[in-house]
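Asker: Mind looking over this structure? Questions follow.
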Amino acid sequence: MSGPTEQQLAFLQQYGFDQELQRRWRDDIAAGRLSVETNAVTGDLLVPPPGSVHKLPGAGTKAWRELDRLGREAIARGELGVVVLNGGMATRFGGVVKGVVPVLGPARTFLGLCVEDVTAAERQYGGRIRLFLMNSFATQAATQQHFAEHGQFGKDPGTIEHFPQFVALRMDKKGELFRLASGDLSPYGPGHGDFAAAFRRSGALRRFLDGGGRYLLVRNVDNLGARIDPVILGHHIRSKCQATVELAPKWPEDAGGSPFQYLGRTQLIEQVRYRPGFDPNIVDVFNTNTFWFTADALDRDFDLGWYYVEKEVEGRRAVQVEHLIGELTAHLSTNFLQVRRSGARTRFLPVKTPEDLAAAREEIVEMYGGETGTADAG
(Lines give C-alpha, C1' and ligand atoms only; values in the text may rest on other atoms or scores of the structure.)
Protein backbone atom coordinates (compact mmCIF):
# COMPACT_ATOMS: atom_id res chain seq x y z
CA MET A 1 0.00 0.00 0.00
CA SER A 2 1.09 3.60 -0.47
CA GLY A 3 2.92 5.60 2.15
CA PRO A 4 1.72 8.67 4.07
CA THR A 5 -0.22 11.38 2.27
CA GLU A 6 1.23 14.87 2.00
CA GLN A 7 -0.95 15.99 4.92
CA GLN A 8 0.13 13.04 7.06
CA LEU A 9 3.75 13.60 6.13
CA ALA A 10 3.54 17.26 7.13
CA PHE A 11 2.26 16.21 10.56
CA LEU A 12 4.92 13.50 10.99
CA GLN A 13 7.72 15.85 10.01
CA GLN A 14 6.81 18.15 12.89
CA TYR A 15 8.17 15.33 15.05
CA GLY A 16 11.30 14.61 13.05
CA PHE A 17 9.98 11.76 10.92
CA ASP A 18 12.80 10.34 8.79
CA GLN A 19 11.48 8.81 5.56
CA GLU A 20 14.85 7.45 4.54
CA LEU A 21 15.34 5.70 7.88
CA GLN A 22 11.84 4.20 7.60
CA ARG A 23 12.69 2.85 4.14
CA ARG A 24 15.92 1.37 5.45
CA TRP A 25 14.04 -0.42 8.22
CA ARG A 26 11.58 -1.77 5.66
CA ASP A 27 14.41 -3.18 3.54
CA ASP A 28 16.29 -4.56 6.55
CA ILE A 29 13.19 -6.32 7.92
CA ALA A 30 12.36 -7.77 4.52
CA ALA A 31 15.94 -9.05 4.12
CA GLY A 32 16.17 -10.43 7.68
CA ARG A 33 18.85 -7.92 8.70
CA LEU A 34 16.53 -6.56 11.40
CA SER A 35 14.72 -9.13 13.53
CA VAL A 36 14.38 -10.49 17.03
CA GLU A 37 17.48 -12.56 16.38
CA THR A 38 19.59 -9.60 15.23
CA ASN A 39 18.78 -7.73 18.46
CA ALA A 40 21.09 -10.03 20.41
CA VAL A 41 24.55 -8.99 21.51
CA THR A 42 27.42 -10.43 19.51
CA GLY A 43 29.77 -10.99 22.44
CA ASP A 44 29.63 -12.39 25.97
CA LEU A 45 27.86 -10.50 28.77
CA LEU A 46 30.03 -10.75 31.87
CA VAL A 47 29.73 -9.65 35.49
CA PRO A 48 31.22 -6.15 35.83
CA PRO A 49 34.60 -5.99 37.59
CA PRO A 50 34.54 -5.48 41.38
CA GLY A 51 33.96 -1.86 42.32
CA SER A 52 32.03 -1.03 39.15
CA VAL A 53 28.79 -0.39 41.06
CA HIS A 54 28.99 2.20 43.85
CA LYS A 55 26.81 2.93 46.87
CA LEU A 56 26.25 6.21 48.66
CA PRO A 57 28.07 6.72 51.97
CA GLY A 58 25.99 6.57 55.12
CA ALA A 59 23.74 9.56 55.79
CA GLY A 60 25.44 12.14 58.00
CA THR A 61 28.97 10.84 57.49
CA LYS A 62 31.74 13.19 56.42
CA ALA A 63 31.72 11.70 52.91
CA TRP A 64 27.94 12.09 52.67
CA ARG A 65 28.08 15.71 53.82
CA GLU A 66 30.71 16.49 51.19
CA LEU A 67 28.52 15.03 48.41
CA ASP A 68 25.54 16.94 49.77
CA ARG A 69 27.56 20.18 49.73
CA LEU A 70 28.68 19.64 46.14
CA GLY A 71 25.11 19.01 44.98
CA ARG A 72 23.55 21.87 46.93
CA GLU A 73 26.10 24.37 45.64
CA ALA A 74 25.56 23.26 42.04
CA ILE A 75 21.78 23.66 42.42
CA ALA A 76 22.20 27.06 44.05
CA ARG A 77 24.31 28.20 41.08
CA GLY A 78 21.48 27.23 38.71
CA GLU A 79 23.47 24.39 37.13
CA LEU A 80 20.80 21.66 37.38
CA GLY A 81 18.03 20.94 34.91
CA VAL A 82 15.41 18.19 35.00
CA VAL A 83 14.23 16.31 31.92
CA VAL A 84 10.98 14.34 32.24
CA LEU A 85 10.54 11.55 29.70
CA ASN A 86 6.85 12.10 28.98
CA GLY A 87 6.53 10.44 25.59
CA GLY A 88 5.05 7.13 24.59
CA MET A 89 1.59 6.34 23.31
CA ALA A 90 -0.80 7.07 26.21
CA THR A 91 -2.18 3.54 26.28
CA ARG A 92 -1.75 2.10 29.78
CA PHE A 93 -4.16 4.44 31.57
CA GLY A 94 -7.12 3.76 29.29
CA GLY A 95 -5.94 6.07 26.54
CA VAL A 96 -5.39 9.01 28.92
CA VAL A 97 -1.97 10.71 28.90
CA LYS A 98 -0.40 9.35 32.07
CA GLY A 99 1.30 12.59 33.08
CA VAL A 100 -2.06 14.36 33.57
CA VAL A 101 -3.59 11.58 35.70
CA PRO A 102 -4.30 12.69 39.32
CA VAL A 103 -2.12 10.95 41.88
CA LEU A 104 -2.82 12.85 45.14
CA GLY A 105 -5.59 15.21 44.07
CA PRO A 106 -6.65 17.06 40.88
CA ALA A 107 -3.52 19.24 40.57
CA ARG A 108 -1.13 16.67 42.03
CA THR A 109 -0.84 14.64 38.88
CA PHE A 110 2.28 12.79 37.77
CA LEU A 111 3.46 15.97 36.07
CA GLY A 112 2.27 18.14 38.93
CA LEU A 113 4.39 16.14 41.35
CA CYS A 114 7.39 16.50 39.02
CA VAL A 115 7.00 20.29 39.16
CA GLU A 116 6.36 20.18 42.90
CA ASP A 117 9.68 18.42 43.39
CA VAL A 118 11.49 21.04 41.31
CA THR A 119 9.94 24.04 43.08
CA ALA A 120 10.57 22.49 46.52
CA ALA A 121 14.24 22.03 45.62
CA GLU A 122 14.46 25.64 44.40
CA ARG A 123 13.08 26.84 47.74
CA GLN A 124 15.35 24.59 49.76
CA TYR A 125 18.63 25.05 47.93
CA GLY A 126 18.20 28.33 46.01
CA GLY A 127 18.91 28.73 42.33
CA ARG A 128 16.72 28.22 39.30
CA ILE A 129 16.04 24.69 38.04
CA ARG A 130 14.93 24.47 34.43
CA LEU A 131 12.36 21.81 33.58
CA PHE A 132 12.20 20.10 30.18
CA LEU A 133 9.50 17.71 29.02
CA MET A 134 10.07 15.31 26.14
CA ASN A 135 6.55 14.79 24.79
CA SER A 136 5.47 12.50 21.98
CA PHE A 137 2.91 13.38 19.31
CA ALA A 138 0.43 11.46 21.49
CA THR A 139 1.16 13.41 24.71
CA GLN A 140 2.18 16.89 23.54
CA ALA A 141 -1.20 18.65 23.28
CA ALA A 142 -2.63 17.23 26.51
CA THR A 143 0.57 18.02 28.40
CA GLN A 144 0.77 21.63 27.26
CA GLN A 145 -2.93 22.13 27.99
CA HIS A 146 -2.46 20.61 31.45
CA PHE A 147 0.32 23.06 32.27
CA ALA A 148 -1.74 25.99 30.98
CA GLU A 149 -4.83 24.96 32.98
CA HIS A 150 -2.77 24.79 36.17
CA GLY A 151 -0.91 28.05 35.60
CA GLN A 152 2.35 26.20 34.93
CA PHE A 153 1.89 24.87 38.50
CA GLY A 154 3.17 28.19 39.83
CA LYS A 155 6.55 27.89 38.11
CA ASP A 156 7.94 30.67 35.93
CA PRO A 157 6.97 29.70 32.34
CA GLY A 158 10.42 30.83 31.22
CA THR A 159 11.93 27.89 33.11
CA ILE A 160 9.71 25.25 31.45
CA GLU A 161 10.32 23.94 27.95
CA HIS A 162 8.56 21.25 25.93
CA PHE A 163 10.43 19.44 23.17
CA PRO A 164 9.21 16.66 20.88
CA GLN A 165 10.16 13.01 20.82
CA PHE A 166 10.59 11.67 17.30
CA VAL A 167 7.98 9.60 15.46
CA ALA A 168 8.07 6.53 13.23
CA LEU A 169 5.49 4.27 11.59
CA ARG A 170 4.69 0.72 12.61
CA MET A 171 5.27 -2.02 10.09
CA ASP A 172 4.20 -5.59 9.55
CA LYS A 173 6.59 -8.53 9.75
CA LYS A 174 7.52 -8.04 6.09
CA GLY A 175 8.50 -4.41 6.64
CA GLU A 176 5.44 -2.90 4.93
CA LEU A 177 3.53 -0.12 6.67
CA PHE A 178 1.05 -1.41 9.23
CA ARG A 179 -2.52 -0.21 8.76
CA LEU A 180 -5.20 -0.03 11.42
CA ALA A 181 -8.65 -1.45 10.69
CA SER A 182 -9.67 2.08 9.70
CA GLY A 183 -6.96 2.06 7.04
CA ASP A 184 -4.95 4.70 8.89
CA LEU A 185 -1.23 4.45 9.46
CA SER A 186 -0.03 3.62 12.97
CA PRO A 187 2.61 6.07 14.27
CA TYR A 188 4.58 5.51 17.49
CA GLY A 189 7.45 7.02 19.45
CA PRO A 190 10.62 5.00 18.84
CA GLY A 191 11.84 4.86 22.43
CA HIS A 192 13.63 6.84 25.14
CA GLY A 193 16.75 6.55 23.03
CA ASP A 194 15.34 9.63 21.29
CA PHE A 195 16.30 11.79 24.26
CA ALA A 196 19.83 12.96 23.43
CA ALA A 197 19.20 13.66 19.74
CA ALA A 198 15.76 15.24 20.29
CA PHE A 199 17.00 17.44 23.13
CA ARG A 200 19.90 18.64 21.00
CA ARG A 201 17.93 19.06 17.78
CA SER A 202 15.25 21.15 19.49
CA GLY A 203 17.86 23.64 20.65
CA ALA A 204 16.99 22.97 24.30
CA LEU A 205 20.45 21.59 25.06
CA ARG A 206 22.19 24.67 23.63
CA ARG A 207 19.84 27.02 25.51
CA PHE A 208 20.48 25.12 28.73
CA LEU A 209 24.27 25.26 28.30
CA ASP A 210 24.24 28.92 27.27
CA GLY A 211 22.18 29.72 30.38
CA GLY A 212 24.82 28.23 32.67
CA GLY A 213 23.37 24.71 32.93
CA ARG A 214 25.84 21.91 33.58
CA TYR A 215 23.95 18.86 34.87
CA LEU A 216 20.72 17.10 33.91
CA LEU A 217 18.55 14.70 35.88
CA VAL A 218 16.67 12.60 33.31
CA ARG A 219 13.74 10.58 34.64
CA ASN A 220 10.54 8.81 33.63
CA VAL A 221 7.30 10.68 34.30
CA ASP A 222 5.91 7.62 36.10
CA ASN A 223 8.83 6.95 38.47
CA LEU A 224 7.66 8.88 41.52
CA GLY A 225 10.86 8.03 43.38
CA ALA A 226 13.15 9.86 40.95
CA ARG A 227 13.32 13.15 42.82
CA ILE A 228 16.06 15.76 43.03
CA ASP A 229 18.73 14.69 45.51
CA PRO A 230 21.82 16.86 46.02
CA VAL A 231 23.76 13.91 47.40
CA ILE A 232 23.33 11.91 44.19
CA LEU A 233 24.13 15.01 42.14
CA GLY A 234 27.23 15.43 44.26
CA HIS A 235 28.16 11.79 43.65
CA HIS A 236 27.86 12.39 39.92
CA ILE A 237 30.00 15.54 40.12
CA ARG A 238 32.63 13.82 42.28
CA SER A 239 32.81 10.87 39.87
CA LYS A 240 33.92 13.19 37.03
CA CYS A 241 31.99 10.88 34.69
CA GLN A 242 29.76 12.08 31.88
CA ALA A 243 26.80 9.95 33.04
CA THR A 244 25.54 8.41 36.26
CA VAL A 245 23.05 5.55 36.10
CA GLU A 246 20.79 4.78 39.06
CA LEU A 247 20.51 1.05 39.67
CA ALA A 248 18.08 -0.71 42.00
CA PRO A 249 18.53 -4.03 43.79
CA LYS A 250 16.97 -6.71 41.64
CA TRP A 251 13.91 -8.54 42.98
CA PRO A 252 12.74 -11.93 41.63
CA GLU A 253 9.91 -10.55 39.47
CA ASP A 254 12.00 -7.77 37.93
CA ALA A 255 12.69 -7.58 34.21
CA GLY A 256 14.88 -5.05 32.50
CA GLY A 257 18.41 -4.12 31.64
CA SER A 258 21.49 -4.29 33.84
CA PRO A 259 25.15 -3.30 33.68
CA PHE A 260 27.42 -5.93 32.17
CA GLN A 261 30.97 -6.04 31.02
CA TYR A 262 30.59 -6.13 27.25
CA LEU A 263 33.20 -5.60 24.56
CA GLY A 264 35.67 -4.48 27.22
CA ARG A 265 33.40 -1.88 28.80
CA THR A 266 30.86 -1.85 31.62
CA GLN A 267 27.61 -0.62 30.08
CA LEU A 268 23.84 -1.05 30.29
CA ILE A 269 22.45 -3.90 28.21
CA GLU A 270 18.67 -4.07 28.00
CA GLN A 271 16.60 -7.25 27.99
CA VAL A 272 15.75 -6.98 24.29
CA ARG A 273 19.43 -7.66 23.55
CA TYR A 274 19.86 -10.82 25.64
CA ARG A 275 20.65 -14.03 23.81
CA PRO A 276 18.18 -16.92 24.23
CA GLY A 277 18.92 -18.80 27.42
CA PHE A 278 21.04 -16.04 28.94
CA ASP A 279 20.70 -15.73 32.74
CA PRO A 280 20.65 -12.00 33.61
CA ASN A 281 20.68 -12.83 37.33
CA ILE A 282 24.47 -13.01 37.26
CA VAL A 283 24.08 -9.31 38.10
CA ASP A 284 21.93 -8.37 41.13
CA VAL A 285 20.98 -4.79 40.13
CA PHE A 286 19.01 -3.38 37.22
CA ASN A 287 18.42 -0.11 35.39
CA THR A 288 15.77 2.25 36.81
CA ASN A 289 15.91 4.54 33.74
CA THR A 290 17.01 7.45 35.92
CA PHE A 291 20.17 9.19 34.75
CA TRP A 292 22.35 12.18 35.60
CA PHE A 293 24.31 13.66 32.72
CA THR A 294 27.01 16.27 32.42
CA ALA A 295 25.15 18.24 29.79
CA ASP A 296 27.96 19.26 27.47
CA ALA A 297 28.77 15.56 26.91
CA LEU A 298 25.44 15.30 25.07
CA ASP A 299 26.40 17.89 22.46
CA ARG A 300 27.35 15.30 19.82
CA ASP A 301 25.83 12.59 17.67
CA PHE A 302 25.49 9.08 19.13
CA ASP A 303 25.31 5.97 16.99
CA LEU A 304 22.70 4.04 18.95
CA GLY A 305 21.48 0.66 17.76
CA TRP A 306 18.00 0.02 16.41
CA TYR A 307 16.09 -2.95 17.81
CA TYR A 308 13.15 -4.95 16.48
CA VAL A 309 10.12 -5.13 18.79
CA GLU A 310 6.74 -6.75 18.15
CA LYS A 311 3.58 -5.23 19.66
CA GLU A 312 -0.04 -6.32 19.58
CA VAL A 313 -2.16 -3.65 17.89
CA GLU A 314 -5.87 -4.28 17.31
CA GLY A 315 -5.26 -7.98 17.87
CA ARG A 316 -2.49 -8.22 15.24
CA ARG A 317 1.28 -8.23 15.46
CA ALA A 318 2.94 -4.98 14.50
CA VAL A 319 6.64 -4.22 14.35
CA GLN A 320 8.29 -1.23 15.96
CA VAL A 321 11.95 -0.32 15.70
CA GLU A 322 13.28 1.35 18.84
CA HIS A 323 16.46 2.58 20.42
CA LEU A 324 17.49 2.78 24.06
CA ILE A 325 18.63 5.65 26.26
CA GLY A 326 20.76 3.26 28.32
CA GLU A 327 22.94 2.61 25.30
CA LEU A 328 24.48 6.05 25.86
CA THR A 329 26.61 4.23 28.44
CA ALA A 330 28.44 2.56 25.55
CA HIS A 331 29.61 6.03 24.48
CA LEU A 332 29.98 8.06 27.69
CA SER A 333 32.15 7.55 30.75
CA THR A 334 29.65 6.19 33.25
CA ASN A 335 29.26 6.05 37.01
CA PHE A 336 26.97 3.23 38.21
CA LEU A 337 25.21 3.96 41.49
CA GLN A 338 23.02 1.59 43.49
CA VAL A 339 20.10 3.41 45.14
CA ARG A 340 17.30 2.54 47.53
CA ARG A 341 14.03 1.06 46.31
CA SER A 342 12.00 0.92 49.53
CA GLY A 343 10.68 3.33 52.14
CA ALA A 344 10.04 7.07 51.92
CA ARG A 345 13.51 7.61 50.44
CA THR A 346 13.11 5.12 47.63
CA ARG A 347 14.46 6.21 44.24
CA PHE A 348 12.41 3.66 42.32
CA LEU A 349 8.62 3.74 42.52
CA PRO A 350 7.35 3.12 38.96
CA VAL A 351 3.62 3.38 38.31
CA LYS A 352 2.76 1.74 34.99
CA THR A 353 -0.96 1.01 35.41
CA PRO A 354 -3.95 2.19 37.50
CA GLU A 355 -3.48 -0.95 39.57
CA ASP A 356 0.11 0.07 40.35
CA LEU A 357 -1.12 3.49 41.43
CA ALA A 358 -3.63 2.00 43.85
CA ALA A 359 -1.08 -0.46 45.25
CA ALA A 360 1.58 2.23 45.80
CA ARG A 361 -0.72 4.81 47.34
CA GLU A 362 0.57 4.46 50.90
CA GLU A 363 4.18 4.88 49.77
CA ILE A 364 3.27 7.86 47.58
CA VAL A 365 1.48 9.59 50.45
CA GLU A 366 4.51 9.03 52.68
CA MET A 367 6.89 10.43 50.04
CA TYR A 368 4.85 13.45 48.94
CA GLY A 369 2.97 14.46 52.05
CA GLY A 370 -0.59 13.29 51.41
CA GLU A 371 -3.43 14.96 49.56
CA THR A 372 -2.40 18.54 50.34
CA GLY A 373 1.21 18.17 51.45
CA THR A 374 4.39 19.37 49.80
CA ALA A 375 6.98 17.20 48.13
CA ASP A 376 10.12 16.53 50.14
CA ALA A 377 12.92 17.43 47.77
CA GLY A 378 15.68 16.50 50.12
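Asker: Check D210, D229 and return the single one that is among the acidic types (D, E) and within 17 Å of A297 (Cβ to Cβ).
Answerer: On the way: D229 fails: within 17 Å of A297 (Cβ to Cβ).
Selected residue: D210, the only one of D210, D229 that is among the acidic types (D, E) and within 17 Å of A297 (Cβ to Cβ).
Asker: Condition test on E246, is it at pLDDT 95 or above and within 30 Å of E20 (Cβ to Cβ)?
Answerer: Details: at pLDDT 95 or above: yes; within 30 Å of E20 (Cβ to Cβ): no.
Spelling it out, it is not the case that E246 is at pLDDT 95 or above and within 30 Å of E20 (Cβ to Cβ).
Asker: What tally of residues in region 319-348 results from selecting those that are touching a strand residue (DSSP E or B) at 6+ places or on another chain (Cβ under 8 Å), aliphatic (A, V, I, L, M) and modelled with pLDDT under 95?
Answerer: 0
Asker: For G87, only one of the following conditions fails: (1) at pLDDT 95 or above; (2) under 30 Å from E161 (Cβ atoms); (3) crowded, with 20+ Cβ neighbours inside 10 Å. What is its number?
Answerer: The failed condition is (1).
Asker: For region 179-190, give me the residue count where each residue is within 16 Å of L21 (Cα to Cα) and either out of contact with any Phe, Trp or Tyr (no Cβ under 8 Å at 6 or more places or on another chain) or among the acidic types (D, E) (or both). Let's see the steps before the verdict.
Answerer: Start the filter on region 179-190 by keeping residues that are within 16 Å of L21 (Cα to Cα), which leaves 187-190.
Still in the list and also either out of contact with any Phe, Trp or Tyr (no Cβ under 8 Å at 6 or more places or on another chain) or among the acidic types (D, E) (or both): 188.
Residues flagged as within 16 Å of L21 (Cα to Cα) and either out of contact with any Phe, Trp or Tyr (no Cβ under 8 Å at 6 or more places or on another chain) or among the acidic types (D, E) (or both) within region 179-190 amount to 1.
Here's the yes/no breakdown for (1) farther than 19 Å from R214 by Cα; (2) surrounded by 19 or more Cβ atoms within 10 Å (Cβ to Cβ); (3) out of contact with any Asp or Glu (no Cβ under 8 Å at 6 or more places or on another chain):
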residue	(1), (2), (3)
V97	yes, yes, yes
P102	yes, no, yes
T109	yes, yes, yes
C114	yes, yes, yes
V118	no, yes, yes
A121	no, yes, yes
R128	no, yes, no
L131	no, yes, no
N135	yes, yes, yes
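Asker: Considering only residues that are in contact with a helix residue (DSSP H, G or I) (Cβ under 9 Å, 6 or more places away or on another chain) and β-branched (V, I, T), look in region 23-64 and name the one that is farthest from E176 (Cα to Cα).
Answerer: It comes out as V47.
Asker: Then there's this: Does region 276-303 hold any residues that are touching a residue at least 12 places away in the same chain (Cβ under 8 Å) and either on the phi > 0 side of the Ramachandran plot or among the small types (G, A, S) (or both), and which are they?
Answerer: N289, A295, A297
Asker: Hey, another quick one. Of the numbered conditions (1) under 20 Å from V321 (Cα atoms); (2) modelled with pLDDT under 95, R24 fails exactly one; give the number of that condition.
Answerer: Only one criterion is unmet by R24, namely (2).
Asker: Another one. Can you go through A142, A148, A198 and tell me which one is of a type in the set (G, A, S), in a helix (DSSP H, G or I) and in contact with a strand residue (DSSP E or B) (Cβ under 8 Å, 6 or more places away or on another chain)?
Answerer: Answer to the check: A198.
Asker: Out of all the residues in region 199-210, is one or more more than 21 Å from the chain's Cα centre (by Cα), surrounded by fewer than 20 Cβ atoms within 10 Å (Cβ to Cβ) and either at pLDDT 95 or above or within 30 Å of V283 (Cα to Cα) (or both)?
Answerer: yes
Asker: Which of the residues belonging to region 101-143 are touching a residue at least 60 places away in the same chain (Cβ under 8 Å), touching a helix residue (DSSP H, G or I) at 6+ places or on another chain (Cβ under 9 Å), small (G, A, S) and over 22 Å from T353 (Cβ atoms)?
Answerer: A121
The values are calculated or read from the model by the stated rules, or taken from the named source; none is laboratory data. Quantities reported herein were computed from a predicted structural model and do not represent experimental measurements. Note that we place each Cβ from the backbone using ideal geometry, even for glycine, and neighbour counts take in every protein chain shown.
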